[in-house]
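The values are calculated or read from the model by the stated rules, or taken from the named source; none is laboratory data. Values in this document were obtained by computation on a predicted structure and should not be read as measured data. Glycine gets a Cβ as well: all are built from the backbone with ideal geometry, and neighbour counts include every protein chain shown. In case anyone asks, the SASA skips ligands and DNA or RNA and just uses the protein heavy atoms, side chains included. Shrake-Rupley method; radii C 1.70, N 1.55, O 1.52, S 1.80 Å.
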Amino acid sequence: MFQVKLSLPNTDPAMVLDVLTSCIMWFFYALIPCLLIDGVAVLPAPQNLSVQSTNMKHLLTWSPVVVPGEIIDYSVEYQGEYESLYMSHIWIPSSWCSPTENPECDITDDITATVLYNLRVRATLGSQTSAWSTLKHPFNRNSTILTPPGLEVSNDGFHLVIKLEDLGPQFEFLVAYWRREPGAKEHIKMVRNGGVPVLLETAEPGAAYCVKAQTFVKAIGRHSAFSQAECVKLQGEALSLALALFAFVGFVLILVVVPFSIWKMGRLLQYSCCPVVVIPDTLKITNSPQKLISCRREEVEACATAMLSPEELFRAWS
(Lines give C-alpha, C1' and ligand atoms only; values in the text may rest on other atoms or scores of the structure.)
Protein backbone atom coordinates (compact mmCIF):
# COMPACT_ATOMS: atom_id res chain seq x y z
CA MET A 1 0.00 0.00 0.00
CA PHE A 2 1.07 3.51 -0.71
CA GLN A 3 0.83 6.23 1.95
CA VAL A 4 0.47 9.79 0.72
CA LYS A 5 1.50 12.56 3.00
CA LEU A 6 0.37 16.08 2.12
CA SER A 7 2.26 18.99 3.36
CA LEU A 8 0.24 22.28 3.61
CA PRO A 9 1.95 25.57 3.63
CA ASN A 10 1.37 28.06 6.39
CA THR A 11 -2.29 29.23 6.19
CA ASP A 12 -3.15 32.90 5.79
CA PRO A 13 -5.61 34.31 8.44
CA ALA A 14 -7.52 36.12 5.73
CA MET A 15 -8.15 32.85 3.96
CA VAL A 16 -9.40 31.27 7.18
CA LEU A 17 -11.86 34.17 7.61
CA ASP A 18 -13.15 33.77 4.08
CA VAL A 19 -13.70 30.05 4.64
CA LEU A 20 -15.66 30.69 7.85
CA THR A 21 -17.79 33.33 6.17
CA SER A 22 -18.60 30.97 3.34
CA CYS A 23 -19.58 28.24 5.78
CA ILE A 24 -21.93 30.58 7.62
CA MET A 25 -23.57 31.69 4.37
CA TRP A 26 -24.05 28.10 3.24
CA PHE A 27 -25.56 27.28 6.66
CA PHE A 28 -28.00 30.18 6.32
CA TYR A 29 -29.07 29.15 2.84
CA ALA A 30 -29.57 25.62 4.10
CA LEU A 31 -32.09 26.88 6.65
CA ILE A 32 -34.28 28.60 4.08
CA PRO A 33 -36.10 25.41 3.01
CA CYS A 34 -36.88 24.78 6.67
CA LEU A 35 -38.95 27.98 6.69
CA LEU A 36 -41.14 26.78 3.85
CA ILE A 37 -44.19 24.58 4.34
CA ASP A 38 -45.81 23.46 1.11
CA GLY A 39 -44.06 26.33 -0.64
CA VAL A 40 -45.56 29.02 1.66
CA ALA A 41 -43.25 31.07 3.85
CA VAL A 42 -44.04 31.04 7.61
CA LEU A 43 -43.91 34.36 9.47
CA PRO A 44 -42.17 34.60 12.83
CA ALA A 45 -44.61 34.16 15.71
CA PRO A 46 -45.35 37.17 17.95
CA GLN A 47 -43.27 37.20 21.11
CA ASN A 48 -43.43 38.57 24.65
CA LEU A 49 -47.16 38.15 25.26
CA SER A 50 -48.39 39.79 28.46
CA VAL A 51 -51.63 41.13 29.97
CA GLN A 52 -51.85 44.54 31.58
CA SER A 53 -54.95 44.78 33.75
CA THR A 54 -56.05 47.89 35.68
CA ASN A 55 -59.50 48.51 37.18
CA MET A 56 -60.99 45.50 35.37
CA LYS A 57 -59.75 46.71 31.97
CA HIS A 58 -57.60 43.96 30.41
CA LEU A 59 -55.13 44.65 27.58
CA LEU A 60 -53.18 41.87 25.86
CA THR A 61 -49.89 43.10 24.29
CA TRP A 62 -47.05 41.48 22.29
CA SER A 63 -43.95 42.40 20.33
CA PRO A 64 -44.85 43.23 16.72
CA VAL A 65 -43.65 41.13 13.79
CA VAL A 66 -41.66 43.39 11.46
CA VAL A 67 -41.61 42.90 7.70
CA PRO A 68 -40.24 45.97 5.87
CA GLY A 69 -42.86 47.66 3.72
CA GLU A 70 -45.67 45.35 4.84
CA ILE A 71 -48.60 45.62 7.29
CA ILE A 72 -49.02 42.60 9.53
CA ASP A 73 -52.43 41.48 10.79
CA TYR A 74 -52.84 39.62 14.06
CA SER A 75 -55.50 37.19 15.24
CA VAL A 76 -56.29 36.73 18.95
CA GLU A 77 -58.06 33.76 20.46
CA TYR A 78 -58.86 32.76 24.03
CA GLN A 79 -59.84 29.65 25.91
CA GLY A 80 -61.77 29.66 29.18
CA GLU A 81 -61.39 27.20 32.02
CA TYR A 82 -64.17 24.94 30.75
CA GLU A 83 -62.72 24.75 27.23
CA SER A 84 -59.23 24.10 28.50
CA LEU A 85 -60.44 21.24 30.73
CA TYR A 86 -63.03 19.55 28.52
CA MET A 87 -62.58 20.88 24.96
CA SER A 88 -58.92 21.79 24.65
CA HIS A 89 -59.13 21.91 20.85
CA ILE A 90 -61.68 24.76 20.90
CA TRP A 91 -60.40 28.35 20.86
CA ILE A 92 -62.74 31.35 20.65
CA PRO A 93 -61.80 34.39 18.49
CA SER A 94 -61.64 37.67 20.38
CA SER A 95 -64.68 39.85 19.79
CA TRP A 96 -62.61 42.97 19.02
CA CYS A 97 -59.25 41.75 17.70
CA SER A 98 -59.72 39.18 14.99
CA PRO A 99 -58.05 40.55 13.02
CA THR A 100 -56.21 43.67 14.17
CA GLU A 101 -53.21 45.63 12.91
CA ASN A 102 -52.13 46.82 16.35
CA PRO A 103 -49.83 44.74 18.56
CA GLU A 104 -52.40 44.89 21.37
CA CYS A 105 -55.95 43.76 22.07
CA ASP A 106 -58.58 44.90 24.58
CA ILE A 107 -59.90 41.58 25.91
CA THR A 108 -62.10 43.09 28.63
CA ASP A 109 -65.34 41.91 27.00
CA ASP A 110 -63.91 38.41 26.49
CA ILE A 111 -62.96 37.89 30.15
CA THR A 112 -66.39 37.40 31.72
CA ALA A 113 -65.63 35.09 34.66
CA THR A 114 -63.12 34.91 37.48
CA VAL A 115 -61.32 31.83 36.12
CA LEU A 116 -58.08 31.11 34.29
CA TYR A 117 -57.94 32.08 30.61
CA ASN A 118 -55.44 30.93 28.01
CA LEU A 119 -54.62 33.45 25.28
CA ARG A 120 -52.80 33.09 21.99
CA VAL A 121 -51.79 35.29 19.03
CA ARG A 122 -50.54 34.68 15.52
CA ALA A 123 -49.43 36.94 12.65
CA THR A 124 -50.80 36.94 9.08
CA LEU A 125 -49.46 38.50 5.88
CA GLY A 126 -51.47 37.56 2.82
CA SER A 127 -51.21 33.77 2.53
CA GLN A 128 -48.40 33.61 5.07
CA THR A 129 -49.18 32.81 8.68
CA SER A 130 -47.08 32.38 11.76
CA ALA A 131 -47.34 29.74 14.42
CA TRP A 132 -49.54 30.47 17.41
CA SER A 133 -47.79 32.14 20.33
CA THR A 134 -49.46 31.37 23.67
CA LEU A 135 -49.41 33.40 26.88
CA LYS A 136 -46.94 31.76 29.21
CA HIS A 137 -49.15 31.90 32.31
CA PRO A 138 -52.99 31.82 32.12
CA PHE A 139 -54.68 35.07 33.09
CA ASN A 140 -57.24 35.53 35.85
CA ARG A 141 -59.04 38.85 36.22
CA ASN A 142 -58.74 38.78 40.01
CA SER A 143 -55.13 39.86 39.48
CA THR A 144 -56.23 43.23 38.14
CA ILE A 145 -54.74 46.33 39.79
CA LEU A 146 -57.37 48.43 41.56
CA THR A 147 -56.58 52.15 41.94
CA PRO A 148 -58.33 54.69 44.20
CA PRO A 149 -61.17 56.51 42.42
CA GLY A 150 -61.10 60.13 41.31
CA LEU A 151 -63.02 62.26 43.81
CA GLU A 152 -64.58 65.75 43.69
CA VAL A 153 -65.92 67.35 46.89
CA SER A 154 -68.11 70.46 46.92
CA ASN A 155 -70.84 72.10 48.96
CA ASP A 156 -74.33 73.09 47.87
CA GLY A 157 -75.46 75.51 50.54
CA PHE A 158 -75.31 73.49 53.76
CA HIS A 159 -75.06 70.14 51.91
CA LEU A 160 -71.86 68.12 51.46
CA VAL A 161 -71.78 66.78 47.88
CA ILE A 162 -69.30 64.39 46.19
CA LYS A 163 -68.81 63.10 42.65
CA LEU A 164 -66.84 59.88 42.04
CA GLU A 165 -65.06 58.70 38.92
CA ASP A 166 -67.20 56.42 36.74
CA LEU A 167 -65.22 53.17 36.42
CA GLY A 168 -68.00 50.95 35.09
CA PRO A 169 -70.99 48.96 36.33
CA GLN A 170 -68.89 46.45 38.30
CA PHE A 171 -67.58 49.09 40.69
CA GLU A 172 -69.02 50.22 44.00
CA PHE A 173 -67.48 52.84 46.25
CA LEU A 174 -66.93 53.00 49.98
CA VAL A 175 -66.89 56.66 51.08
CA ALA A 176 -65.58 57.84 54.45
CA TYR A 177 -66.16 61.43 55.62
CA TRP A 178 -65.65 63.31 58.87
CA ARG A 179 -65.59 66.79 60.34
CA ARG A 180 -62.07 68.23 60.37
CA GLU A 181 -61.49 68.60 64.08
CA PRO A 182 -59.70 66.58 66.79
CA GLY A 183 -61.50 63.41 67.79
CA ALA A 184 -64.11 63.66 65.03
CA LYS A 185 -66.09 60.50 64.25
CA GLU A 186 -65.66 58.97 60.79
CA HIS A 187 -68.85 58.14 58.89
CA ILE A 188 -69.10 55.47 56.16
CA LYS A 189 -71.45 55.44 53.17
CA MET A 190 -71.72 53.00 50.25
CA VAL A 191 -72.19 54.58 46.81
CA ARG A 192 -73.40 52.27 44.04
CA ASN A 193 -72.60 54.35 40.95
CA GLY A 194 -69.99 56.85 39.88
CA GLY A 195 -70.25 59.87 37.62
CA VAL A 196 -73.26 61.46 39.39
CA PRO A 197 -73.38 63.93 42.32
CA VAL A 198 -74.19 62.30 45.66
CA LEU A 199 -75.42 64.10 48.80
CA LEU A 200 -73.56 62.85 51.86
CA GLU A 201 -75.33 64.82 54.58
CA THR A 202 -76.57 68.21 55.71
CA ALA A 203 -73.53 69.69 57.43
CA GLU A 204 -73.05 72.34 60.08
CA PRO A 205 -72.53 75.87 58.66
CA GLY A 206 -68.96 77.17 58.86
CA ALA A 207 -67.44 73.72 59.53
CA ALA A 208 -64.81 71.95 57.37
CA TYR A 209 -65.33 68.36 56.24
CA CYS A 210 -62.96 65.82 54.67
CA VAL A 211 -63.81 62.91 52.36
CA LYS A 212 -61.92 59.88 51.01
CA ALA A 213 -63.08 56.88 48.96
CA GLN A 214 -62.05 53.44 47.77
CA THR A 215 -63.37 51.14 45.05
CA PHE A 216 -64.88 47.70 45.62
CA VAL A 217 -65.45 45.02 42.95
CA LYS A 218 -67.86 42.34 44.13
CA ALA A 219 -67.06 40.01 41.20
CA ILE A 220 -63.52 39.46 42.46
CA GLY A 221 -64.06 40.32 46.14
CA ARG A 222 -61.31 42.97 46.24
CA HIS A 223 -61.06 46.67 47.02
CA SER A 224 -58.53 49.39 46.31
CA ALA A 225 -56.67 51.62 48.73
CA PHE A 226 -58.33 54.83 49.91
CA SER A 227 -57.83 57.99 47.90
CA GLN A 228 -56.22 61.11 49.31
CA ALA A 229 -58.59 63.01 51.59
CA GLU A 230 -60.31 66.00 49.98
CA CYS A 231 -61.55 68.76 52.32
CA VAL A 232 -64.03 71.60 51.88
CA LYS A 233 -65.33 74.34 54.19
CA LEU A 234 -69.03 75.08 54.23
CA GLN A 235 -70.65 78.53 54.31
CA GLY A 236 -70.50 80.41 57.62
CA GLU A 237 -73.10 81.97 59.92
CA ALA A 238 -72.78 85.50 58.48
CA LEU A 239 -73.70 84.28 55.06
CA SER A 240 -76.56 82.26 56.47
CA LEU A 241 -77.95 85.36 58.21
CA ALA A 242 -77.69 87.32 54.98
CA LEU A 243 -79.53 84.57 53.17
CA ALA A 244 -82.21 84.55 55.85
CA LEU A 245 -82.59 88.35 55.56
CA PHE A 246 -82.93 88.16 51.80
CA ALA A 247 -85.49 85.41 52.19
CA PHE A 248 -87.52 87.53 54.66
CA VAL A 249 -87.46 90.58 52.38
CA GLY A 250 -88.52 88.43 49.46
CA PHE A 251 -91.37 86.99 51.51
CA VAL A 252 -92.61 90.48 52.47
CA LEU A 253 -92.45 91.62 48.86
CA ILE A 254 -94.48 88.63 47.84
CA LEU A 255 -97.11 89.45 50.48
CA VAL A 256 -97.41 93.02 49.12
CA VAL A 257 -97.04 92.45 45.42
CA VAL A 258 -99.32 89.43 45.07
CA PRO A 259 -102.48 91.04 46.60
CA PHE A 260 -101.88 94.26 44.66
CA SER A 261 -101.49 92.30 41.45
CA ILE A 262 -104.71 90.41 42.13
CA TRP A 263 -106.60 93.67 42.80
CA LYS A 264 -105.19 95.30 39.67
CA MET A 265 -106.09 92.31 37.55
CA GLY A 266 -109.64 92.37 38.92
CA ARG A 267 -110.01 96.03 37.97
CA LEU A 268 -108.77 95.36 34.47
CA LEU A 269 -111.23 92.50 34.08
CA GLN A 270 -114.05 94.69 35.39
CA TYR A 271 -113.33 97.49 32.89
CA SER A 272 -112.98 94.96 30.08
CA CYS A 273 -116.13 92.93 30.74
CA CYS A 274 -118.45 95.52 32.37
CA PRO A 275 -117.46 99.02 31.16
CA VAL A 276 -119.18 102.16 32.67
CA VAL A 277 -121.42 103.89 30.05
CA VAL A 278 -121.93 107.68 30.35
CA ILE A 279 -125.57 108.74 29.49
CA PRO A 280 -125.92 111.98 27.51
CA ASP A 281 -127.72 114.87 29.18
CA THR A 282 -130.55 114.72 26.64
CA LEU A 283 -131.41 111.22 27.81
CA LYS A 284 -131.29 111.98 31.50
CA ILE A 285 -134.63 112.10 33.36
CA THR A 286 -134.93 115.31 35.37
CA ASN A 287 -138.55 114.91 36.53
CA SER A 288 -140.04 112.18 38.56
CA PRO A 289 -141.64 109.22 36.74
CA GLN A 290 -145.11 110.13 38.18
CA LYS A 291 -145.01 113.62 36.64
CA LEU A 292 -143.93 112.27 33.31
CA ILE A 293 -146.78 109.79 33.33
CA SER A 294 -149.40 112.47 34.23
CA CYS A 295 -148.12 114.89 31.58
CA ARG A 296 -148.16 112.24 28.94
CA ARG A 297 -151.73 111.33 29.88
CA GLU A 298 -152.95 114.94 29.56
CA GLU A 299 -151.36 115.25 26.12
CA VAL A 300 -153.08 112.11 24.95
CA GLU A 301 -156.45 113.29 26.19
CA ALA A 302 -155.97 116.69 24.51
CA CYS A 303 -155.18 115.00 21.24
CA ALA A 304 -158.15 112.73 21.54
CA THR A 305 -160.75 115.60 22.13
CA ALA A 306 -159.44 118.14 19.58
CA MET A 307 -161.74 118.46 16.53
CA LEU A 308 -160.79 120.15 13.22
CA SER A 309 -163.22 122.05 11.10
CA PRO A 310 -163.55 121.26 7.36
CA GLU A 311 -161.86 124.49 6.41
CA GLU A 312 -158.88 123.78 8.72
CA LEU A 313 -158.62 120.25 7.40
CA PHE A 314 -158.61 121.53 3.82
CA ARG A 315 -155.88 124.02 4.64
CA ALA A 316 -153.84 121.30 6.21
CA TRP A 317 -153.92 119.19 3.06
CA SER A 318 -153.33 122.11 0.68
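So, in the range 57-66, how many residues would count as being surrounded by fewer than 20 Cβ atoms within 10 Å (Cβ to Cβ) and outside any strand (DSSP E or B)?
As a first pass, look at the range 57-66 and keep what is surrounded by fewer than 20 Cβ atoms within 10 Å (Cβ to Cβ): 57, 59, 61, 63-64, 66.
After this cut, where a residue has to be outside any strand (DSSP E or B) as well, the list is 64, 66.
So the answer is 2.
Going through the range 114-143 one residue at a time, which ones are closer than 28 Å to PHE171 by Cα and either surrounded by fewer than 14 Cβ atoms within 10 Å (Cβ to Cβ) or touching a residue at least 60 places away in the same chain (Cβ under 8 Å) (or both)?
Scanning the range 114-143 gives THR114, LEU119, LEU135, HIS137, PHE139, ARG141, ASN142, SER143.
Which of (1) open to solvent by less than 80 Å² (accessible area, probe 1.4 Å); (2) closer than 24 Å to ILE220 by Cβ; (3) modelled with pLDDT of 95 or more; (4) out of contact with any Pro (no Cβ under 9 Å at 6 or more places or on another chain) does TRP91 not meet, given it meets every other one?
Status for TRP91: all satisfied but (2).
From the list ALA213, ALA225, ALA208, ALA184, pick out the single residue that is open to solvent by 50 Å² or more (accessible area, probe 1.4 Å) and either of a type in the set (A, V, I, L, M, F, W, C) or within 24 Å of the chain's Cα centre (by Cα) (or both). Step through it out loud before you land on a result.
Working: ALA213 fails: open to solvent by 50 Å² or more (accessible area, probe 1.4 Å); ALA208 fails: open to solvent by 50 Å² or more (accessible area, probe 1.4 Å); ALA184 fails: open to solvent by 50 Å² or more (accessible area, probe 1.4 Å).
Step by step, each of ALA213, ALA225, ALA208, ALA184 is checked, and only ALA225 is open to solvent by 50 Å² or more (accessible area, probe 1.4 Å) and either of a type in the set (A, V, I, L, M, F, W, C) or within 24 Å of the chain's Cα centre (by Cα) (or both).
Anything in the range 182-204 that is of a type outside the set (A, V, I, L, M), outside any strand (DSSP E or B) and in contact (Cβ under 8 Å) with a residue 12 or more places away in the chain? List them, or say none.
First, the residues of the range 182-204 that are of a type outside the set (A, V, I, L, M): 182-183, 185-187, 189, 192-195, 197, 201-202, 204.
Adding the requirement that they be outside any strand (DSSP E or B) leaves 182-183, 185-186, 192-195, 204.
Matches in the range 182-204: ARG192, ASN193, GLY194, GLY195, GLU204.
Looking at (1) open to solvent by less than 30 Å² (accessible area, probe 1.4 Å); (2) touching a residue at least 60 places away in the same chain (Cβ under 8 Å), which is the one condition that is false for ILE111?
Going through (1) open to solvent by less than 30 Å² (accessible area, probe 1.4 Å); (2) touching a residue at least 60 places away in the same chain (Cβ under 8 Å) one by one, ILE111 breaks only (2).
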